[in-house]
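*Asks:* Shown below is the structure under consideration.
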Amino acid sequence: MKHLIAALVLTTSVNALAQETPAQASVSQDSHQDLRKRTHGMTWEMTSSNTKLKNKDTNTESETTSTESKFGYLYNFGRFELGGAFTSSTDKNEDTGDKTTAGTFELIGHINILKNEPGEDLVPYAALSLGSVVMESDTLDAKGSTASLGFGLKWFPLSEIFALKAELGAGSASIKDDNTDIELEVKATYFNIGWAFYF
């Protein structure tokens, strides 16, 4: 009789242990599912600079103030994100008052090295963009195309939906002035800091 009771206790303990294991495994899955999703991403970046140029031959100086704001949307598939962005920029010569404005629309793709999903705080990525640009001033009326390639990092320090982002890369633009038919090719490197909001 004692052996029978011991066998029943042992069987009950084994069954209880077997039932707890899946439950414990589901706890991490449930907590993972409770995190906020990152399906849609709204991004914002801003750059402001002041440049002073001095001609040593003529001893003349010029000063230019530049501001740039970039707003974008990304649809997050996890391993990659697709979307678009609009950039508005202004360059003003403080001495002459001449102002040049530009607007750029880009198609953007991010390839995430780590999957951008709830629970992942650091997401490094590679970025590719293709776009069109329009530039206007008192003497300039130009249109063209742009392309860029960069590498960046999204950091979610406070929550699952807010990220700080930084991106370093290089870009080029081919621009033609409709007034003079002059064609320009511009190459530049960039470093942007901004934020992203996912929901």
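Quick note: the coordinates plus some simple rules give every number you see, no bench work behind them. Here the structure is a predicted model, which means the values were calculated and not measured. Every residue, glycine among them, receives a Cβ derived from its backbone with ideal geometry; neighbour counts consider all protein chains shown.
*Asks:* Mark the label point 7 Å from the Cα of L184 along Cα→Cβ and return the residues of segment 80-98 whose backbone N is within less than 12 Å of it.
*Replies:* Residues 91 fall inside that zone.
*Asks:* Same structure again: Note down the magnitude of the dipole of segment 40-198 about its Cα centre, charges +1 on Lys and Arg C-beta and -1 on Asp and Glu C-beta and zero elsewhere, to the nearest 20 debye.
*Replies:* 580 debye
*Asks:* Hey, for a label at S69 modelled as a point 7 Å past Cα toward Cβ, could you say which residues of segment 179-199 have their backbone N under 19 Å away?
*Replies:* Correct set: 192-197.
*Asks:* What length, rounded to one decimal in nm, is gained on full extension from N50 through to L82, with 0.36 nm per residue of separation minus their alpha-carbon distance?
*Replies:* In short, 8.2 nm is gained.
*Asks:* In segment 55-85, whose amide N lies under 18 Å from the spot 7 Å out along Cα-to-Cβ of T96? List them in ranges.
*Replies:* 55-67
*Asks:* Note the full-extension length gain between D177 and L130 as 0.36 nm times their separation in residues minus their Cα-Cα distance, in nm to one decimal.
*Replies:* Extra length from D177 to L130 when fully extended: 14.9 nm.
*Asks:* Kindly provide the chymotrypsin sites (Phe, Trp or Tyr not before Pro) of segment 61-152 that DSSP labels as loop, not H, G, I, E or B, and whose Cβ sees at most 15 other Cβ atoms within 10 Å.
*Replies:* F77
*Asks:* Also: Between Y75, N50, L149, whose Cα lies farthest towards the positive end of the dipole of segment 40-198 when Lys and Arg beta carbons carry +1 and Asp and Glu beta carbons carry -1, centred on the Cα centre?
*Replies:* Going by the Cα projections, it comes out as Y75.
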